[in-house]
Amino acid sequence: MNDTLLDRVADALRQAQRVTVLTGAGVSAASGVPTFRGPGGLWKSFRAEDLATPEAFARDPLLVWEWYDWRRQRLAHCQPNRAHVVLGSWGALFPHYRLLTQNVDGLHERAGFEPIRLHGSIWELSCWSRACGSGTWRNDQVPLAERPPRCPSCGGLARPGVVWFGEGLDPHDVAQATAATACQVFIAAGTSSLVYPAAGLVHDAHRRGAFTVEINPDETPASAIVDVRLQGGAETVLHDLDERLRG
Ligand code: BV8
Ligand code: ZN
């Protein structure tokens with residue numbers, strides 16, 4: 001890791017009141033959670049349109065639930081890594097800190113910090129029937145007691161409490177995330193910056209004058225516009241950055 005770049009980012013953070021971090025699957029990679037598009041990634045074995053869309057669920061709810069149950073079972077053996085711990089500790093460091101995540105794995109929460117969950121949670125379910133209006137409920141069963149799980153209110157089909165491709169994000173979450181791009185430092189960590197509208201946030205922050213940073217071993221479409229690219233694993237880079245901050 002380039003010490004000068006780390007020092008530049010640490011200096012920008014030291015002077016910042018408003019700090020926003022957006023995370024993707026890469027920050028959970030060190031916890032053993034497969035990413036979506038990396039080698040051996042989740043999407044590799046499945047095509048996103050086959051599984052993470054309302055059409056796929058309508059066509060074959062059991063297949064989609066088998067995939068989510070398999071992911072939940074894998075996640076049950078995963079622990080937060082140093083990236084989650086460092087990002088969870090920054091709430092006490094910066095007066096206006098926002099942690100936005102695309103991840104549905106719950107590992108930020110298990111590291112002690114509630115992020116803005118832009119794509120929902122794999123540990124929450126909701127009723128597939130719009131007429132039911134039963135909201136979302138928590139289900140930590142691993143494996144699921146029944147597949148597909150049922151809605152406790154109407155007995156109908158339940159769905160994963162995540163945002164699928166082609167579904168809108170919660171407007172309240174989008175408003176909070178957009179407001180969070182008015183910041184002095186914006187860090188995109190562990191995301192391929194391919195999935196919108198989340199991938200647009202780093203561009204918004206850049207346009208609004210934030211010092212933008214990307215933490216990723218690989219290049220992404222955001223690499224060309226950020227002020228600093230910290231090339232490496234989030235679990236290492238964030239640890240080294242945090243050490244400089246508190247040093
Ligand atoms: C919507 C939840 C409209 C489910 C997911 C423009 C504007 C708006 C929409 C679109 C648009 N263009 C295209 C669209 C449609 C689509 C989209 O963006 N498609 C892409 C593929 C082109 N967007 C949508 O459909 C969104 N909805 O806008 O609908 C609308 C509006 C109003 C009303 C109705 C409709 C919904 C998107 C949400 C989809 N749901 N997941 C689930 O998880 O099962 S997306 C899925 O991808 C995950 O949430 C994941 O988090 C997300 C992004 O992936 P990443 O997190 O970045 O993970 P990835 O594997 O790709 O990358 C990992 C990175 O980590 C890599 O770069 C790797 O190098 C790096 N890495 C690896 N190891 C490490 C590391 N980094 C650091 N440290 C390491 N150790
Ligand atoms: Zn119901």
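The table for this structure:
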| read-out | value |
| --- | --- |
| Check on Asp173, within 13 Å of ligand 1 (Cβ to nearest atom) and over 18 Å from Ser223 (Cα atoms) | yes |
| Only one of Arg72, Arg130 that is away from ligand 2 (no atom under 16 Å from the Cβ) and basic (Lys, Arg) | Arg72 |
| Matching option when the condition is at pLDDT below 95, part of a loop (DSSP other than H, G, I, E, B) and on the phi < 0 side of the Ramachandran plot, among Ser153, Ser134 | Ser134 |
| In the stretch 30-51, residue modelled with the lowest pLDDT [restricted to those that are closer than 30 Å to Leu238 by Cα and hydrophobic (A, V, I, L, M, F, W, C)] | Trp43 |
| Condition check for Ser192: modelled with pLDDT of 95 or more, within 16 Å of ligand 2 (Cβ to nearest atom) and hydroxyl-bearing (Ser, Thr, Tyr) | no |
| Pair list, Cβ under 8 Å, 6 or more apart: the stretch 149-170 residue within 14 Å of ligand 2 (Cβ to nearest atom), other residue open to solvent by 30 Å² or more (accessible area, probe 1.4 Å) and of a type in the set (Val, Ile, Thr) | Gly161/Thr136 |
| Exclusive hit being open to solvent by less than 70 Å² (accessible area, probe 1.4 Å) and under 23 Å from Leu230 (Cβ atoms), set Gly88, Gly106 | Gly88 |
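The values are calculated or read from the model by the stated rules, or taken from the named source; none is laboratory data. This structure is a prediction, so every number in the text was calculated from the model and none was measured. A quick note on method: Cβ atoms are made from the backbone with ideal geometry, for glycine too, and the neighbour counts reach across all protein chains shown. These area figures cover heavy atoms from the full protein model, side chains too; ligands, DNA and RNA do not enter into them. Shrake-Rupley method; radii C 1.70, N 1.55, O 1.52, S 1.80 Å.
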